[in-house]
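A.B. asks: Questions regarding the structure given below will be posed in turn.
The values are calculated or read from the model by the stated rules, or taken from the named source; none is laboratory data. Keep in mind it's a predicted model, so treat the numbers as computed, not measured. Virtual Cβ from ideal backbone geometry, glycine too; neighbours counted across all protein chains shown. Note: accessible area is taken over every heavy atom of the protein model, side chains too, but ligands, DNA and RNA are not part of it. Shrake-Rupley method; radii C 1.70, N 1.55, O 1.52, S 1.80 Å.
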Amino acid sequence: MPLILFGMAVIASIIGAITGVGGGIVLKTFYDLFDVGSVMTISVYATILVFTMCVVSILKQLKRGFKFNLPFIVAISLGAILGGYVGNYLLVLATQKIPETTVKLIQSLLLLIILIFLIVYTKKSNTQELAANENIGLAFCLGLVLGMVSIFLAIGGGPLNVSLLIIVNHFKMRQAAVYSLATVFFSQISKLFTIVTSIGQLHFQASALPLIIIAGILGGYLGTLINQRLSNKQLEVCYSFFMVGLCLLTGFNVIRFWGLNFF
């Protein structure tokens, strides 16, 4: 099982670093597909992978010379940290009140609705030539929503981040991808804190964690390398292809969990 977790984590982190989606959503979908653990177990694995991959990717982007708007990053990151706490509280509450399969059904159903919405509106926004909007108040509110949704769904938030940064802030794909990774990085800090403080209550394979960290480092490095060699147009194609594939996998998970709950 650890090797299977490792292989999926490498693929997830490479895709996440290329497109800026963080890898958590890919890992969550894969792990649900193969039933590798409970909602909280998958959440732990996704958090460790996403945080590791984001550190590697951000450092590589900075080394390459990408310049961040610091006030914007601080505002959206503070929102993401606060939202992360709220999202984790809601996730823990849900797992305590309703069955695991029902929580997974809710997560998959919400994710599918969000993905369909984002595919439609991101494509529409890409056709508009508007100046980038880096308003700090808007950034904080956006971070709050992104952090809450990403932690509750245990997806890292990447595709949601990228799409909303394009739709709301009118960023280009490469700019949105890099800012997305930074936002994902900070939203995971709150989740990491809760993992550390409640380590004795969580059930997961400790032997899998070093492999997932290695996968995050390897995938983050390779994915960022590929990202830096692609044009904005090529990144848009990769992102669209990834989103459609993710929709299909998530749709399958919705049908499967629906069957487990009602049949």
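A.B. asks: Which whole-Hz couplings ³J(HN,Hα) result when phi for each residue of the range 69-84 is put into the Karplus expression 6.51 cos²θ - 1.76 cosθ + 1.60, θ = phi - 60°, listed in order with x for Gly and Pro?
C.D. replies: Calculated HN-Hα couplings, in order: 7, 4, x, 5, 4, 4, 5, 5, 6, 4, x, 5, 5, 5, x, x Hz.
A.B. asks: Helix 39-64 versus the longest principal axis of the chain: what angle, 0 to 90°, nearest 10, using Cα atoms?
C.D. replies: Value to nearest ten degrees: 20.
A.B. asks: Give me the percent relative contact order of the chain, please, defined on Cα pairs under 8 angstrom at least 6 residues apart.
C.D. replies: Numbers: 438 pairs, mean separation 103.0, N = 263.
Over the chain, the number comes to 39 percent.
A.B. asks: Oh, and also: Over the chain, with every protein chain in place, what whole percent of the accessible area is carbon and sulfur at 1.4 Å, could you tell me? Present the calculation step by step, with values, prior to reporting the outcome.
C.D. replies: Details: 8570 of 11520 Å².
The computed percentage sits at 74.
A.B. asks: Also, quick follow-up: Just subtract the alpha-carbon distance of residue 237 and residue 59 from 0.36 nm times their residue separation and send over the number in nm, one decimal. Present the calculation step by step, with values, prior to reporting the outcome.
C.D. replies: On the way: separation 178, 0.36 × 178 = 64.08 nm, distance 2.48 nm.
This chain segment gains 61.6 nm when fully extended.
A.B. asks: Using a cut-off of 16 Å between alpha-carbon atoms, which aspartates and glutamates can reach residue 191, once sequence neighbours fewer than 8 places away in the same chain are excluded?
C.D. replies: Hits, sequence-local ones excluded: zero.
A.B. asks: Also: For helix 208-229, report the angle its Cα long axis makes with the longest principal axis of the Cα atoms of the chain; keep it between 0 and 90° and round to the nearest 10°.
C.D. replies: The angle comes out at about 20 degrees.
A.B. asks: Okay, next question. Could you tell me which of rounded, prolate or oblate describes the range 1-111, using a ≥ b ≥ c as the square roots of the eigenvalues of the alpha-carbon gyration tensor, with rounded for a/c under 1.5 and, failing that, prolate when a/b is larger than b/c and oblate otherwise?
C.D. replies: On the way: a/c = 2.72, a/b = 1.38, b/c = 1.97.
Oblate.
A.B. asks: Share of Cα-Cα pairs in the range 26-181 beyond 21 Å, in percent?
C.D. replies: Working: 5721 of 12090 pairs.
Across the range 26-181, Cα pairs with separations above 21 Å total 47 percent.
A.B. asks: Just to be sure I understand the model, the point goes 7 Å from the Cα along the line to the Cβ. What's the resulting residue 121 to residue 248 distance in nm?
C.D. replies: 2.6 nm
A.B. asks: Return the long-range amide H neighbours of residue 134 (sequence gap of 5 or more, or a different chain), with a cut-off of under 5 Å between placed amide H atoms.
C.D. replies: Counting only residues 5 or more places away or on other chains, the set is empty.
A.B. asks: Now for a separate question. Using alpha carbons only, how many degrees (0 to 90, rounded to 10) separate the axis of helix 2-19 from the longest principal axis of the chain?
C.D. replies: The angle comes out near 20 degrees.
A.B. asks: What ranking, highest mean first, results for peptides 171-184, 108-121 when packing means the other Cβ atoms within 10 Å averaged over each residue? List each step's numbers first, then the result.
C.D. replies: Numbers: 171-184: 25.2, 108-121: 17.5.
Packing proxy ranking, top to bottom: 171-184, 108-121.
A.B. asks: Still on this structure, I have one more. Before I look further, what does the chain give for accessible area per residue, probe 1.4 Å, in whole square angstrom?
C.D. replies: Computed with neighbouring chains in place, this is 44 Å² per residue.
A.B. asks: Which of these, 251, 87, 79, has the largest mean-square fluctuation under a Gaussian network model of the chain (Cα springs below 10 Å)?
C.D. replies: Comparing 251, 87, 79 in a Gaussian network model of the chain, the most mobile one is 251.
A.B. asks: Using every Cα-Cα pair within the chain, state what percent have a distance larger than 31 Å. Please report the intermediate quantities before stating the final value.
C.D. replies: Numbers: 5769 of 34453 pairs.
Roughly 17 percent, once rounded to a whole number.
A.B. asks: To continue, here is another question. Place a label point 7 angstrom from the Cα of residue 262 along the Cα-to-Cβ direction, then list the residues of the range 81-110 whose backbone nitrogen is under 20 Å away.
C.D. replies: Counting backbone N atoms under 20 Å from the label point, the list is 98-110.
A.B. asks: Helix-only estimate, please: 222 nm mean residue ellipticity of the chain, summing -39500 (n - 2.57) across DSSP H runs of length 4 or more and dividing by its residues, to the nearest 500. All intermediate terms of the calculation are to be shown ahead of the outcome.
C.D. replies: Working: 10 runs with 215 residues, N = 263.
Computed ellipticity for the chain at 222 nm equals -28500 deg cm²/dmol.
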